[in-house]
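Q: Before I ask anything, here is the structure I am working with.
Nothing in this text is a laboratory measurement; each read-out follows from the coordinates by a stated rule. Not measured: the values here are computed from a predicted model. Cβ sites come from the backbone with ideal geometry, for glycine too, and all protein chains shown count toward neighbours.
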Amino acid sequence: MYCHTGVDKVFFSDFPAFQRFGNALVPEGSLALKNKSFADDYQPIDAHCTCSTCRNYTRAYLHTVATNEAVASSLITVHNVAYQVNNTQWRFISCPECLFL
């Protein structure tokens, strides 16, 4: 990421809203929720996220619907947008001496 130069590729990406592949953003990278390894994982996408998807759905549920129903795209998009907003806020808080024009 190139936040220190004022350019961040994720800000200009359609990745958060284009989730037909079932990928959720997390601090470690992304989770491919369609993978079978999530079939029995009853954690939220991100334990520290307060979005409605993380509060109400498990990785196992999202795995099930991601492989069968389109609603999973909406649920994962809610999380990904919340993740980006929180990540952006963290960057501005953690770098008060940075000036963004």
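Q: Quick one: how many residues across segment 50-80 are over 10 Å from Ala39 (Cα atoms), of a type in the set (Ser, Thr, Tyr) and in a helix (DSSP H, G or I)?
A: Counting residues in segment 50-80 that are over 10 Å from Ala39 (Cα atoms), of a type in the set (Ser, Thr, Tyr) and in a helix (DSSP H, G or I) gives 6.
Yes or no, residue by residue, for (1) surrounded by fewer than 19 Cβ atoms within 10 Å (Cβ to Cβ); (2) within 17 Å of Val85 (Cβ to Cβ); (3) acidic (Asp, Glu); (4) in contact with a Leu (Cβ under 6 Å, 6 or more places away or on another chain):
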{"position": "Leu33", "(1), (2), (3), (4)": "no, no, no, yes"}
{"position": "Ser52", "(1), (2), (3), (4)": "yes, yes, no, no"}
{"position": "Arg55", "(1), (2), (3), (4)": "yes, yes, no, no"}
{"position": "His63", "(1), (2), (3), (4)": "no, no, no, yes"}
{"position": "Val71", "(1), (2), (3), (4)": "yes, no, no, no"}
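Q: Identify, please: which residue in segment 17-49 is among the polar types (S, T, N, Q) and part of a loop (DSSP other than H, G, I, E, B) and is, among those, nearest to the chain's Cα centre (by Cα)?
A: If we filter segment 17-49 for residues that are among the polar types (S, T, N, Q), which is where we start, we get 19, 23, 30, 35, 37, 43.
Checking the rest, the ones that are also part of a loop (DSSP other than H, G, I, E, B) come to 19, 35, 43.
Values: Gln19: 10, Asn35: 16, Gln43: 14 Å.
If we take residues in segment 17-49 being among the polar types (S, T, N, Q) and part of a loop (DSSP other than H, G, I, E, B), then Gln19 is nearest to the chain's Cα centre (by Cα).
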